[in-house]
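The values are calculated or read from the model by the stated rules, or taken from the named source; none is laboratory data. All figures in this text were calculated on a predicted structure; none of them were measured in a lab. Cβ placement follows ideal geometry from the backbone for every residue including glycine, while neighbour counts extend to all protein chains displayed.
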Amino acid sequence: MINLKFKLNGEKVSVKTEAGVRLIDLLRNNFGLTGTKEGCGVGECGACTVLMNKKAVNSCLVLAGQLAGASIETIESLAEGEMLHPLQRNFLEHGAVQCGYCTPGMILSAYALLDENPSPDEEEIKEAIAGNLCRCTGYKQIMDSIKATADELNSKNK
Amino acid sequence: MNNIEITIPKTLQEALELISGGNEGIGIIAGGTDVVAGMRQGSNRFGGINQLVDVNHIKEMKGITGAGGIVTIGAAETFSGIISNKIIRKELPLLAKACGTIGSVQIRNRATIAGNFVNNAPCADTVPVLLAYDSTIEIKSLAGKRELPLAEFLKAPYRTQLNSDEIVTSIKVPLPKGDFKGDFYKLGRRRAVAISRITLALLIEIKESRINRLRIASGAVTPIGTRFNGIEKEFEGKTADEKTLKAIASRLGERVIEVTGLRWSSEYKLPVVQQICYQMLYSAVYGGGK
């Protein structure tokens with residue numbers, strides 16, 4: 001067992017865990033953050049995407065013992081109380097959520113993209129979510145939601 | 001796998017002492033995109049591991065620097081780090097392109113360049129490019145350091161010359177001197193998160209309508225990433241016309257079959273390898289596509 005300290009959704013946390021536990025299991029089992037989903041477990045589907053030091057990563061491929069000092073953000077950190085993040089609101093408004101399993105990972109990939117590149121073109125959006133599989137929507141609505149969020153955030157910042 | 005020990009050394013010295021400490025079950029982890037997935041799937045390549053040394057925080061193994069016509073890439077540099085580097089985008093475009101085809105953003109944010117060729121899967125996407133660029137790697141142990149060409153380092157699928165007390169610290173890529181043109185090509189089942197079925201890296205320099213220098217390397221269609229020195233020598237000095245380019249492509253296909261033997265997929269892969277090679281040569285020599 002190790003005493004692990006890292007930053008989770010903006011707060012300093014410490015937890016006793018085995019070093020070889022995967023980040024996704026740590027989030028779900030030790031912190032009850034079940035918004036992060038497990039799909040393939042080998043880094044192909046992106047359902048488990050979280051932000052590690054602001055970058056999108058597959059939490060099924062990061063081990064607890066690698067975390068020391070890292071800053072992790074999960075889907076639970078996006079909404080402010082009852083107020084959804086524009087990405088979350090736009091996903092709902094554009095019909096980009098059907099079964100919802102890919103949604104947290106998809107939104108975090110989009111969040112990381114907009115953080116780095118506030119005005120992505122279509123190709124850049126496709127590239128950013130290429131590692132997130134969705135079997136329901138056909139991606140069109142997801143692309144629309146991300147584009148709409150980028151436009152919205154840009155017009156606000158003008 | 002839960003109860004393995006993970007150590008995060010801050011210096012290379014510390015890491016080398018750890019791996020030389022007599023624990024046979026010690027392994028190195030960086031991005032973990034092969035190691036974690038492999039351990040979970042019970043791959044025998046990672047069997048018996050009880051301790052992992054995380055090399056992500058070792059300064060000597062990070063960063064990209066250019067000096068004296070050589071670009072040195074830290075072994076634990078991520079693909080995202082490599083793609084966003086200006087020197088690499090400008091001077092080593094094939095490498096930037098190959099790194100950009102790997103996995104997904106999530107994978108590229110974690111996976112490292114040395115992980116790609118130390119793992120040495122037949123489909124490792126950066127290997128053909130690094131071979132075409134004549135890369136050498138630097139390896140350190142408590143006893144000292146050694147440098148060797150990547151082509152020598154790679155032995156067989158998933159096997160390299162790396163000893164258990166050694167760590168790859170950097171890869172050195174000499175900037176091609178001269179007027180090389182070329183490209184990297186990857187064929188997978190889809191464009192992202194795909195295991196390569198065919199990869200080709202090609203550089204060609206034309207002088208006075210003749211092929212002055214030629215470099216061809218493949219991955220996925222050969223057991224490990226492979227440079228075709230024989231073909232390169234055979235065609236250097238020949239007139240760079242369509243007939244010669246076709247002959248090169250044809251020879252490459254024959255050579256691939258010689259290396260791998262006839263397989264169920266050969267009927268498909270052989271003409272594709274030849275056609276892609278021809279198209280890449282044509283674009284490099286005449287510009288544009290064909």
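If a residue counts only when it is modelled with pLDDT under 95 and touching a helix residue (DSSP H, G or I) at 6+ places or on another chain (Cβ under 9 Å), which helices (runs of 4 or more DSSP H) contained entirely in region B:175-290 have at least 1 such residues?
So the answer is B:242-260, B:266-286.
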- Message: Considering only residues that are of a type in the set (Ser, Thr, Tyr) and at pLDDT 95 or above, which ones fall in region B:28-50?
- Response: B:THR33
- Item | Within region B:255-275, considering residues that are of a type outside the set (Ser, Thr, Tyr) and over 19 Å from B:ILE224 (Cα atoms), the one surrounded by the fewest Cβ atoms within 10 Å (Cβ to Cβ) | B:GLU267
- Task: Can you give me the number of residues within region B:117-145 that are surrounded by fewer than 24 Cβ atoms within 10 Å (Cβ to Cβ) and in contact (Cβ under 8 Å) with a residue 24 or more places away in the chain?
- Result: 14
- Query: What number of residues in region B:237-254 are surrounded by 15 or more Cβ atoms within 10 Å (Cβ to Cβ) and not hydroxyl-bearing (Ser, Thr, Tyr)?
  - Reply: 10
- Message: Condition (residue is away from chain A (no Cβ under 14 Å), under 20 Å from B:ALA30 (Cβ atoms) and among the hydroxyl-bearing types (Ser, Thr, Tyr)) applied to region B:146-159: is it met by at least one residue?
- Response: yes
- How do the pairs read when you match residues in region A:93-104 that are touching a residue at least 40 places away in the same chain (Cβ under 8 Å) with residues anywhere that are surrounded by fewer than 19 Cβ atoms within 10 Å (Cβ to Cβ) and among the basic types (Lys, Arg), using Cβ under 8 Å and keeping only pairs 6 or more apart or on different chains? A:CYS102/A:ARG135
- Positions within region A:31-45 being surrounded by 24 or more Cβ atoms within 10 Å (Cβ to Cβ) and either more than 9 Å from chain B (Cβ to nearest Cβ) or charged (D, E, K, R) (or both), in sequence order: A:THR36
- Item | Scope region B:234-254; condition under 22 Å from the mean Cα position of the chain (by Cα) and farther than 15 Å from B:TYR282 by Cβ; matching residues | B:GLY253
- Which condition does B:ILE171 not pass, out of (1) on the phi < 0 side of the Ramachandran plot; (2) surrounded by 20 or more Cβ atoms within 10 Å (Cβ to Cβ); (3) in contact with a Ser or Thr (Cβ under 6 Å, 6 or more places away or on another chain); (4) at pLDDT below 95, if it passes all the others? (4)
- Query: Can you name the strands (runs of 3 or more DSSP E) wholly within region B:1-103 that have at least 2 residues being away from chain A (no Cβ under 11 Å) and either buried (at least 17 other Cβ atoms within 10 Å of the Cβ) or of a type outside the set (Ser, Thr, Tyr) (or both)?
  - Reply: B:26-29, B:64-67, B:70-74
- Near pairs, Cβ below 9 angstrom, 6+ apart or cross-chain, from region B:146-157 (farther than 12 Å from B:THR222 by Cβ and assigned to a strand (DSSP E or B)) to any residue that is at pLDDT 95 or above and of a type in the set (Gly, Ala, Ser): B:PRO149/B:SER135
- Item | Within region A:46-158, helices (runs of 4 or more DSSP H) holding 3 or more residues that are within 12 Å of chain B (Cβ to nearest Cβ) and modelled with pLDDT of 95 or more | A:103-116, A:122-128
